[in-house]
Amino acid sequence: MSDKSPKPQEPDTDVHEDPNEPAFDWMKPKTSSGASPASPAASVGAASKTGPTPSATPTTATPAHGQPESRADRKAAEAADVEVEPPLFADTVADASTTKRPAHYSEPLPTSALQIRPPEDEVARRNAEREQAAKVKPVGPRIFQVLLAVFYPVILLVLAVRAVTSPLFLWVEYNRPGFPGDGYGFSTDDRMTYGSYAVDYLSNWAGPRYLGGLVNQDGDKLFTDSEVSHMADVKLVILSSFGAGLLLIILSIIAILYLRKRSTGGIRRGLFAGSIVTLVIIIGLAVLAVLSWQQFFTEFHRIFFANGTWTFSLEDTLIRLFPGQFWMDAGIVIGALVFLAATVTFILTWPTKRRRGLATAQADDAGGESDESAATDNVDSLRNEPTGVTR
């Protein structure tokens, strides 16, 4: 080999031209097409394989795709690409924060657990519980309906007794045809005067002297001590019944106000049941009184008064003012008033379709069906209408 023979060309191994060049291809950043751009050294090496070019020299030229040749330049370019304009509002900040998260991360929605359907058995059990809860009626309206039904006959009875213990009933009795007269000298005016004292005593707050101090035309006492004592007992029973009736009226008003707000038709059902109970009681008492009035009258007095305190002779003032016919007429009037009021209540509260709301519901259903039929007819007419007709 002579000195003039051409020397073999050595490969370009100079690493001082680009000290920041990555050592491996996978460390190089990828371009938009997904392939790593060729480095200057790679392009020079490829050119050297194909053959030498006159202008191919190891320079710092930029690659074909505009990739910076140094690592610092590439980092600056990446930072410029990633930099986002600062948002102006808080919601854009939240959106930006969510967009910066990796693609594989997805936060579960707050209602994602509700989308999981429970087992069929659990669904059936819950549906059964809901249906049972819907069928169960509240206890409060039922209690007030029962109380109203129980109070109603007692209130009617007390009001009827109050109507009988009045001077008006005395005047009607003493002046009606067929009422027995007094065989010991009392005229109708005397009966009306003395009887009014006795009736007024039952409803006022006076003591026994109200009757014990009365005298007749001869100056003798009008009522004996036993009669005054019995009238005091009667007054206690009458005032107690009036007070109980007033209390029951107040409680019934409270029940009516409660049922009016909480139960539709609750007042009607309570009064209807009360009228039935009243009719049953008054019819039963009327049958007993008709079968044996004397025994009925005796047992009635034994309930409220002690034995021996309510029996008097025919000459006593109470018997002369209030004979047996008076008490029979009073019982008939009390029973008739109670029966009449209960019958009217029974008729007015009878559960008809309109009162139960079924008529309105049926009318609504009929209206809905008519609307649907009308809509169906309109659709059919539109279908049968010629296509050439325009509206």
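Counting Lys and Arg as +1 and Asp and Glu as -1 over every other residue whose Cβ lies under 14 Å from the Cβ of Trp293, the net charge comes to -2. Amide H contacts for Ser166 (H built 1.01 Å from N in the peptide plane; partners 5 or more residues away or on another chain; cut-off under 5 Å): none found.
Rounded to the nearest 0.05, what FRET efficiency do Arg130 and Lys261 have when you use their Cβ-Cβ distance and R0 = 30 Å? So, using R0 = 30 Å, E works out to roughly 0.75. The mean accessible area for residues of the range 207-287, using a 1.4 Å probe and ignoring ligands and nucleic acids, is 58 Å² per residue. If you sort Arg320, Arg260, Arg117 by accessible surface, 1.4 Å probe, largest first, the order is Arg260, Arg117, Arg320. Rolling a 1.4 Å probe over the protein heavy atoms leaves Trp293 with an accessible area of roughly 60 Å².
In the context of the full protein assembly, Tyr258 retains an accessible surface of approximately 60 Å², using a probe radius of 1.4 Å and ignoring ligands and nucleic acids.
Where the centre of each part is set by its Cα atoms, how far does the range 218-242 sit from the range 266-330, in angstrom? The distance from the Cα centre of the range 218-242 to that of the range 266-330 comes to 19 Å.
Of Met192, Met231, the residue with the largest accessible area leads and the full order is Met192, Met231 (1.4 Å probe). Amide H to amide H distances under 5 Å link Leu222 with Leu214, Val215, Asn216, where only residues 5 or more positions off or on other chains count and H is placed in the peptide plane.
In the context of the full protein assembly, Asp189 retains an accessible surface of approximately 110 Å², using a probe radius of 1.4 Å and ignoring ligands and nucleic acids.
Given their separation in residues at 0.36 nm each and the Cα-Cα distance between them, Lys353 and Lys75 gain 91.3 nm when the chain is fully extended.
The values are calculated or read from the model by the stated rules, or taken from the named source; none is laboratory data. Computed from a prediction, not measured in an experiment: that's the story for all the values here. Glycine gets a Cβ as well: all are built from the backbone with ideal geometry, and neighbour counts include every protein chain shown. Remember, those area values only see protein heavy atoms, side chains included, never the ligands or the DNA or RNA. Shrake-Rupley method; radii C 1.70, N 1.55, O 1.52, S 1.80 Å.
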